[in-house]
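Some notes on the structure that comes next.
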Amino acid sequence: MLEQLQIRNLATIEELALELEPGFTALSGETGAGKSILIDALGLVLGTRADPALIRGGSERADITATFRIAPKSAAAHWLAEQALVDEDDAAQCVVRRVLQNEGRTRAYINGTAVAASQLRDLGERLVDVYGQNESHSLRLPDVQRELLDSYGGHADALAAVAARTAEWLALDDQIERLRQAASRDPIQVDLLRHQVRELEALAPKVGEAEEIAAEHRRLANGGRLLQDGGAVQEQLYGGDGAVHDQLSASLGTLRGLVALHPDFGDAETLVASAQAQIREAADGLRRLLGRLDLDPQRLAEIEARIGEMHTLARKHRVRAEELPGHLAAMKAELEEAEAAGGRVGELLAQQADALDAYRQAAQTLSQARRAAAVPYGKAVSSRVRELGMPNAKFEVRIEPASRKRPSAHGDDDLCFDFSANPGQAPRPLAKVASGGELSRVSLALQVVAQQDGGAPTMIFDEVDAGIGGGVAEAVGRQLRALGDKRQVLCVTHLGQVAACAAHHLAVSKRVKSGQTFTSVDALDGKARVAELARMVGGQSTTAASEAMARELLKAGAAKR
């Protein structure tokens, strides 16, 4: 769960440290107070695109830090371990930080380690689910509807099997297309390819050969220099006039005399003796190496001829010399494909037919699983929607065979969410019949059903209760409170009936000082919470009646918690 959110210099927030609790927390405030900024801040720290315009005026950067408490076997804990980003001092804690700079650059950190924004997104998906009004509108999309049903039904394995069979069929289809193109090639082109393969086979380039003979060529071509310069160095070190070894011997003799007069010269004596031994060892090594050097003019000529042949063919085929072995293998495969294209197509078509049968079986298994899940899913969502002020609502999942010519990783089903809010009306596609307020309630019902036993540990609802009120708002509050029993739930709301059901209440407010706007967040309790609820239900001017209503809402909410 999210334990703390710290924000500095973001929009109207100068500095804010927000402590968060488990369960259902309501965030309220007047329009424009800055509630959405909190959601934006959390989105930024979890990897959404950063806009420098969000940095507070006069500041060089914005800084957002979120501290999470991680369950030991959660998806987030597993991801952190895979990425080697676990906090060594406290494995149950995860600190995520995002810094926005004026020039447009951003920096991101997980437990103090610099990471890419994509890693923040990967982690964020395992920590927080955010639902806003846009999510309600996305319910109109067939892909979203299919994903919701598959998530509810736990169809991950069946989907993976369908995707695997689809990939097999598509791979065979690609091979067949390539072979058909190869079979239709001009015979002259095939003859040219055959000649090029024979030419490369005659050269017989080996993997790593170009690098090996280039190194040997450098040694042989520079043999004279190796002998001359290497010998000169060996003489300078040992054996020649004024050799370093002899000079060190003289220095060593002098130091030994000094040690007798002052023992502190002993350290220098030891170091010089060690240097002399190393000089002798280096000189002996050079002597042995020079004795092994073989200046073979015939071998040099052979290597130069081989290098010439390889570079000639490399230029001809427009590759580097070291790429010739791989190029030969690719051309041989291309030639074999061209020569055997006709017969091979028949074999692959038979394999593709088998792959299609396997796909259809997997797709049928997935379709059966979807149909089995559709009925209880529809009933569960219908029940939740009815609790949200639509007692006659009916939600169904319609599954029909898809008219696709090629296998699909999603299977052979077309899904549609059908909905009816009124008695006597048959359910019709949700995208066509649901109003904005109805979509919000259906969205919340779907989320409650889907998230009871899965999903991220923290859920954020950004005004998903828009377009509703009265008893429906109270029902929404109860649903959010039910979610809060298993998850941490944060809801930005304008409805007092929703906020009264929360276990915790945070109020967002803004003030203007010296021509600048400042946003703050306060935890409410007692009279302060009553006053905020009275404002929410009664408008800007609170009255004794609105305060009495606020107390009643709190009393009712507490009784149901």
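The values are calculated or read from the model by the stated rules, or taken from the named source; none is laboratory data. As the structure is a prediction and not an experimental result, all values here were calculated from the model. Neighbour counts are summed over all protein chains in view; Cβ atoms, including those assigned to glycine, are modelled from backbone coordinates with ideal geometry. Heavy atoms of the whole protein, side chains included, go into the accessibility calculation; ligands, DNA and RNA do not. Shrake-Rupley method; radii C 1.70, N 1.55, O 1.52, S 1.80 Å.
General observations
- Output for segment 271-329, where each listed residue is among the charged types (D, E, K, R), over 48 Å from the mean Cα position of the chain (by Cα) and more than 30 Å from Leu255 (Cβ to Cβ): Arg288, Arg292, Asp294, Asp296, Arg299, Glu302, Glu304, Arg306, Glu309
- Screening Pro429, Pro423 for residues that are touching a Cys at 6+ places or on another chain (Cβ under 6 Å) and more than 16 Å from Glu147 (Cα to Cα) leaves exactly one candidate, Pro429.
- Given (1) under 28 Å from Asp173 (Cα atoms); (2) more than 38 Å from the chain's Cα centre (by Cα); (3) open to solvent by 60 Å² or more (accessible area, probe 1.4 Å), number of the condition Gln364 does not satisfy: (2)
- Residue satisfying condition, being farther than 30 Å from Glu3 by Cα, at pLDDT below 90 and of a type in the set (Asp, Glu), within set Glu474, Glu438: Glu438
- Selection of segment 496-522 for residues being of a type in the set (S, T, N, Q) and under 28 Å from Arg481 (Cα atoms) yields Gln497, Ser509, Thr519, Ser520.
- No other residue among Ala215, Ala156, Ala160, Ala250 is of a type in the set (A, V, I, L, M), within 30 Å of Ala301 (Cβ to Cβ) and free of Cβ contacts under 8 Å to residues at least 60 places away in the same chain apart from Ala215.
- Condition check for Leu290: open to solvent by 50 Å² or more (accessible area, probe 1.4 Å) and aliphatic (A, V, I, L, M): no
- Given (1) open to solvent by 60 Å² or more (accessible area, probe 1.4 Å); (2) closer than 22 Å to Arg178 by Cβ; (3) touching a helix residue (DSSP H, G or I) at 6+ places or on another chain (Cβ under 8 Å), index of the condition His317 fails: (1)
- Scope segment 92-150; condition surrounded by 15 or more Cβ atoms within 10 Å (Cβ to Cβ), of a type in the set (Ser, Thr, Tyr) and modelled with pLDDT of 90 or more; matching residues: Thr106, Tyr109
- Test: residue in segment 169-187 that is touching a residue at least 40 places away in the same chain (Cβ under 8 Å), open to solvent by 50 Å² or more (accessible area, probe 1.4 Å) and over 48 Å from the mean Cα position of the chain (by Cα): no
- In segment 282-295, the residues that are within 20 Å of Gly224 (Cβ to Cβ) and among the basic types (Lys, Arg) form Cβ pairs under 6 Å with partners that are modelled with pLDDT of 80 or more and not in a loop (DSSP other than H, G, I, E, B), at six or more places apart or across chains, as follows: Arg287/Gln234.
- Out of Asp525, Asp485, sole residue that is among the acidic types (Asp, Glu) and within 18 Å of Leu554 (Cβ to Cβ): Asp525
- Cross-chain or 6+ apart pairs with Cβ under 8 Å, segment 374-394 first and within 12 Å of Ala475 (Cα to Cα) and assigned to a helix (DSSP H, G or I), then open to solvent by 60 Å² or more (accessible area, probe 1.4 Å) and polar (S, T, N, Q): Arg386/Asn392
- Restricting segment 202-218 to residues that are in contact with a helix residue (DSSP H, G or I) (Cβ under 7 Å, 6 or more places away or on another chain) and charged (D, E, K, R), the residue that is nearest to Pro325 (Cα to Cα) is Lys206.
- Among the conditions (1) surrounded by fewer than 16 Cβ atoms within 10 Å (Cβ to Cβ); (2) within 29 Å of Leu349 (Cα to Cα), the only one that Glu211 does not satisfy is (2).
- Looking only at segment 47-64, and only at residues there that are more than 19 Å from the chain's Cα centre (by Cα) and among the β-branched types (Val, Ile, Thr), the one that is most open to solvent (accessible area, probe 1.4 Å): Ile55
- Members of segment 398-426 that are touching a residue at least 12 places away in the same chain (Cβ under 8 Å), farther than 30 Å from Asp157 by Cβ and not polar (S, T, N, Q): Ala421, Pro423
- Output for segment 526-561, where each listed residue is of a type in the set (Asp, Glu) and more than 22 Å from Gln479 (Cα to Cα): Glu547
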